[in-house]
Amino acid sequence: MASRIYLSTLEKRRFQPGSVPRTELLSPTAATRVENSPYTLALIRHGGTSPAPTGISPWIDTGLTVLGDPAPIQRWITDETAEHFRSGRFLVHRTHNCAMVVAAPEDTEDAEGTAERVYRELLMLAAKLRLPQILRIWQYLPRITAPQGSENRYQRYCAGRQIALAKAGYSPRAFPAACLLDNQGDQLILYALLSATPGVQIENPRQVSAFHYPRIYGRVAPSFSRALALRGAEQSRLYISGTASVVGHASRHTSVEDQIEETLVNLELLLESAIPYCPRARQGLGAIIPLKVYLRNREDYPQSRAQLAARLPAEHPVIYLKANACRENLLVEMEGEIG
Ligand code: 3EB
């Protein structure tokens with residue numbers, strides 16, 4: 001059989017470097033219309049009931065409670081055909097250059113063991129898919145601040161996560177952008193964006209890198225980057241970690257108003273640091289679509305909404321979710337991407 005010399009148009013597109021997904025916001029009805037599109041990588045839904053992925057479909061349910069208006073669906077779109085299949089505990093949505101993978105393992109009393117196992121499986125899957133870079137990870141852990149021994153579950157989770165990453169030889173310079181909050185359910189919900197090419201780590205000059213936090217917050221520091229930038233063929237993306245009212249390494253302020261203001265200062269400075277790698281970061285907070293805001297107390301929603309409306313462009317899409325951050329004194333956390 002003659003060897004193939006020419007690449008088809010589809011193959012050429014597949015081998016174009018830096019093909020990364022972008023996102024758009026859709027109504028639930030519009031999202032249902034594109035669930036079978038070959039270019040739909042994943043559909044992220046908040047406020048749904050069943051977080052466990054059952055059949056093979058692009059839907060990813062966070063199971064989190066939405067505050068205020070129903071949240072739009074965030075569609076991750078690729079310019080290559082996406083495939084959807086199961087691999088072990090994970091549901092995989094992939095193209096040649098990237099994947100969104102999701103798992104909802106049963107939570108155990110031992111958050112360290114849970115984290116070590118799921119990260120080990122995630123890293124093995126990433127290697128198998130030849131998409132070794134974890135760019136972004138979303139993690140929702142039940143009872144995040146409940147005690148476990150002399151520590152709490154978040155601190156144990158940090159230990160398990162670090163053990164698995166270190167065993168795989170994962171460099172702190174490549175730590176994913178992450179968020180880690182609680183959910184009201186009994187499963188850890190974890191989904192991650194994997195890539196063939198590494199991102200550029202962006203840290204925040206007014207915050208100590210999380211992986212250098214002192215031991216007062218736990219025996220093992222959290223393994224995440226403040227943000228990762230990924231150079232695309234046409235446009236760069238920025239994946240922004242959960243950002244809170246943390247200055248240096250300490251939580252600041254007791255009121256939600258002040259925490260929101262401090263969080264926005266953190267986000268703005270992080271974006272400024274990212275401009276060389278993602279020019280759209282110059283547009284500031286308005287470039288983060290949607291901005292996701294996690295609130296510890298649902299009573300803080302009206303105040304938060306009014307405060308953010310004054311700081312964002314008119315009609316800017318913000319999704320408010322009820323979730324507890326990993327430190328009890330943090331009332332708010334925000335994340336998103338420049339997709
Ligand atoms: C902070 O700045 C807030 O452990 O994966 C934010 C994002 C936070 C991710 C994680 C923790 C994590 O430390 C908490």
Worksheet item: By how many degrees, 0 to 90 and rounded to 10, does the Cα axis of helix 256-274 deviate from the longest principal axis of the chain?
Response: 40 degrees
Worksheet, complete the sentence: Expressed in nanometres to one decimal, the distance between label points 7 Å along Cα→Cβ at Asp186 and Ile216 is 3.8 nm
Discussion item. Could you derive backbone 3J(HN,Hα) for segment 214-221 from the dihedral phi with the Karplus parameters 6.51, -1.76 and 1.60 (θ = phi - 60°), listing whole Hz in sequence and x where the residue is Gly or Pro?
Written reply: x, 5, 4, 8, x, 5, 10, 6
Worksheet item: What nm value, rounded to one decimal, do you get for the distance between Arg282 and Gln148 when each label is placed 7 Å out toward the C-beta?
Response: 4.5 nm
Discussion item. Give me the extension gain from Glu203 to Asn36: residue separation times 0.36 nm, minus the current Cα-Cα distance, reported in nm with one decimal.
Written reply: 56.4 nm
Response to the item:
For Lys167, counting only aspartates and glutamates whose alpha-carbon sits under 17 Å away and dropping same-chain residues fewer than eight positions off, the answer is Glu112, Glu116, Glu121
Worksheet entry | Under 5 Å, built H, 5+ apart or other chain: amide partners of Asn183 | Leu141, Arg143, Ile144
Item to complete: Once you have a ≥ b ≥ c as the square roots of the Cα gyration tensor eigenvalues for segment 63-143, tell me rounded if a/c is under 1.5, and otherwise prolate or oblate according to whether a/b is larger than b/c.
Response: oblate
Worksheet item: What value does the chain have for Rg/Rh, both radii from Cα atoms and Rh as Kirkwood defines it?
Response: 0.95
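Restricting to DSSP loop positions (anything but H, G, I, E, B) with no more than 13 other Cβ atoms inside 10 Å of their own Cβ, which GluC sites (Glu not before Pro) remain in segment 232-339? Could you put the intermediate results ahead of the total?
Numbers: sites: Glu234, Glu257, Glu261, Glu262, Glu268, Glu272, Glu299, Glu315, Glu328, Glu333, Glu335, Glu337; in loops: Glu234, Glu315, Glu328.
Passing both the DSSP loop test and the Cβ count: Glu234, Glu315, Glu328.
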Practice prompt. Please give the direction-averaged projected area of the C-alpha convex hull for segment 158-238, in square nanometres with one decimal.
Written response: 7.1 nm²
Discussion item. Using amide H atoms built in the peptide plane, which far-off residues or other-chain residues are under 5 Å from Gly232 H to H?
Written reply: Arg237
Worksheet entry | Crossing angle, helix 111-128 versus the chain [Cα axis fit, 0-90 degrees, rounded to tens] | 20 degrees
Practice prompt. Enumerate the amide H contacts of Ala71 below 5 Å, restricted to partners 5 or more residues apart or on another chain; note that Pro and chain-start residues carry no placed amide H.
Written response: none
Practice prompt. Kindly work out what percent of the DSSP beta bridges joining two residues of segment 22-338 are antiparallel, to the nearest 5.
Written response: 80 percent
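Let me have the 222 nm mean residue ellipticity of the chain computed from DSSP H runs of 4+ only, each contributing -39500 (n - 2.57), with the sum over all residues rounded to the nearest 500. Could you put the intermediate results ahead of the total?
Values: 6 runs with 75 residues, N = 339.
So the calculated ellipticity at 222 nm is -7000 deg cm²/dmol.
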Discussion item. Between Asp79 and Leu25, what is 0.36 nm times their sequence separation minus the Cα-Cα distance? Round to one decimal in nm.
Written reply: 17.7 nm
Worksheet item: In whole Å, how far is the Cα centre of segment 246-271 from that of segment 161-216?
Response: 19 Å
Discussion item. What do you get for GluC sites (Glu not before Pro) in segment 80-128 restricted to DSSP loop and a cutoff of at most 12 other Cβ within 10 Å of the site's Cβ?
Written reply: Glu109
Worksheet item: Quick one: Karplus J couplings for segment 181-198, per residue in order, coefficients 6.51, -1.76, 1.60, θ = phi - 60°, nearest Hz, x for Gly and Pro?
Response: 9, 8, 9, 8, x, 10, 10, 6, 9, 9, 9, 9, 9, 10, 9, 6, 10, x
Worksheet item: Taking 0.36 nm per intervening residue step and subtracting the Cα-Cα distance, what contour gain separates Glu109 from Gln303 on full extension?
Response: 66.3 nm
Item to complete: Determine the percent antiparallel among the DSSP beta bridges restricted to segment 18-107, to the nearest 5.
Response: 85 percent
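Here, each number is a calculation from the coordinates, and none is a lab measurement. If you're wondering where the values come from, they're calculated on a predicted model, not measured in any experiment. Methodologically, a virtual Cβ is constructed for each residue, glycine included, from the backbone with ideal geometry; neighbour enumeration extends over all protein chains shown.
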